[in-house]
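**Student:** This structure is in structure tokens; I'll ask about it shortly.
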2 protein chains.
Amino acid sequence: MSVRYPNGKKFSPNRSFSTTNNVKKDERFSNRGMTLEEDINETNEYYRAHNIAVIHKKPTPLQIVNVHYPKRSAAVVTEAYFKKPSTTDYNGVYKGRYIDFEAKETKNKTSFPLKNFHDHQINHMKQVLAHDGISFTLLRFTLFDEVFLVFAKDLFSYVDNQDKKRKSIPKKDIEQFGTLITLGLHPRIDYLKIIDKMI
Amino acid sequence: MSVRYPNGKKFSPNRSFSTTNNVKKDERFSNRGMTLEEDINETNEYYRAHNIAVIHKKPTPLQIVNVHYPKRSAAVVTEAYFKKPSTTDYNGVYKGRYIDFEAKETKNKTSFPLKNFHDHQINHMKQVLAHDGISFTLLRFTLFDEVFLVFAKDLFSYVDNQDKKRKSIPKKDIEQFGTLITLGLHPRIDYLKIIDKMI
């Protein structure tokens, strides 16, 4: 039996992003070996450093059960469990507007599995839209090194129908209603360029 | 020697807010015994439930060092450390605008200590303002059960000068440039009422 965690994958400690210059990339700006999260963190750092936007990843939500307070050194959490996030992972402000998004990746070739989206994340996206925030997802097809920006409203029709028919979104649909993001070196995933066209 | 943690206090597990009706309050709506965080969480839940705004507290940032993956049960974090938050604790969207704030409380009677604010939190507030977000703090004087909304811009002059002269903001100053929030039963700290006057 395989164990499923809330985010659907095993924990791996974040690499430090304090210096991004020493990250080697080949000439085609391939993201091979970098996770989507790492690329987005780098992008958000770029946006902050260049005064473009203030967008952060939220910390991983943990249910803390036990904390040890040793004398003369820092408190240690000795027992905690991963919780399902009640919101999307990224949010912040861009030109006064509220920006909110979730990032997911798949190794599938022809479709994006909908099980990647939790109900409460979808509900959160709907709430954000209802309050005039900008809600979207970044979907990466890892094998093609392609990242699409898909606005939340385009996602809902698939998600809301998933019990009835769909367990995934065909890639050809995503190519149609989503926008392929040209990957770069710095920033790596310049998603705000697409947001610019709608605000 | 007392041990200081990033948030300046010992860890206490959150109470559940799934049902707020069983929380007993006396007739004067005193918040005695409830932490500021609990009151704000209840308020944000109220805002979400009544479709007023979507504002959440960010999870406590932890540096995860060790995770144990037992067979047939959930992953357990067995070693993690509290990190200094790089942003404020609360953010979200209200009427399309980006809302961002920090909440602090003190047992002092005549002034609010500035050591409560970390440099990176102040920097974050400045960035939010620069991008036309709405940035403020909620300051509670616990002994008087008074909560003031203080806009970030009013805080900066004190914080920026603290090395030179001030280690705290006099309460009488806060009473002047801040706004006292009338505490209620549901929501408990209706801070958006004050934001309404400025947007």
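**Student:** I need every pair where a residue in region A:93-109 that is within 8 Å of another protein chain (Cβ to nearest Cβ) has its Cβ under 7 Å from the Cβ of a residue that is assigned to a strand (DSSP E or B) and charged (D, E, K, R), sequence separation at least 6 or different chains.
**Tutor:** Partner pairs satisfying both residue conditions: A:96/B:97; A:98/B:97.
**Student:** Those residues that are part of a helix (DSSP H, G or I) and surrounded by 13 or more Cβ atoms within 10 Å (Cβ to Cβ), I need them from region B:45-70; list them, please. First the steps, then the outcome.
**Tutor:** The first filter runs over region B:45-70 and keeps only residues part of a helix (DSSP H, G or I), leaving B:45-49.
Scanning region B:45-70 gives B:45, B:46, B:47, B:48.
**Student:** For residue B:78, are the conditions met, namely being in contact with a His (Cβ under 6 Å, 6 or more places away or on another chain), β-branched (Val, Ile, Thr), over 26 Å from residue A:53 (Cα atoms) and open to solvent by 50 Å² or more (accessible area, probe 1.4 Å)?
**Tutor:** Judged against the criteria, residue B:78 is a match.
**Student:** Next question. Taking strands (runs of 3 or more DSSP E) that fall entirely within region A:80-177, which contain at least 2 residues that are acidic (Asp, Glu), under 30 Å from residue B:125 (Cβ atoms) and in contact with a strand residue (DSSP E or B) (Cβ under 8 Å, 6 or more places away or on another chain)?
**Tutor:** A:97-106
**Student:** Also: Residue pairs, Cβ under 6 Å, 6 or more apart or interchain, first in region A:174-190 and of a type in the set (Phe, Trp, Tyr), second assigned to a helix (DSSP H, G or I). List them.
**Tutor:** As it stands, the answer is A:177/A:154, since those pairs meet every condition given.
**Student:** Let me ask another. Return yes or no: is residue A:129 open to solvent by 20 Å² or more (accessible area, probe 1.4 Å), among the aliphatic types (A, V, I, L, M) and farther than 29 Å from residue B:93 by Cβ?
**Tutor:** no
**Student:** For residue A:153, state whether it is farther than 30 Å from residue B:86 by Cα, of a type in the set (Lys, Arg) and surrounded by fewer than 16 Cβ atoms within 10 Å (Cβ to Cβ).
**Tutor:** For residue A:153, the condition - farther than 30 Å from residue B:86 by Cα, of a type in the set (Lys, Arg) and surrounded by fewer than 16 Cβ atoms within 10 Å (Cβ to Cβ) - is met.
The values are calculated or read from the model by the stated rules, or taken from the named source; none is laboratory data. Predicted model only: the values in this text are computed from it and were never measured. Glycine also receives a Cβ, built like all others from the backbone with ideal geometry; neighbour counts cover every protein chain displayed. Please note that ligands, DNA and RNA were not included when accessible areas were found on the heavy atoms of the full protein model with its side chains. Shrake-Rupley method; radii C 1.70, N 1.55, O 1.52, S 1.80 Å.
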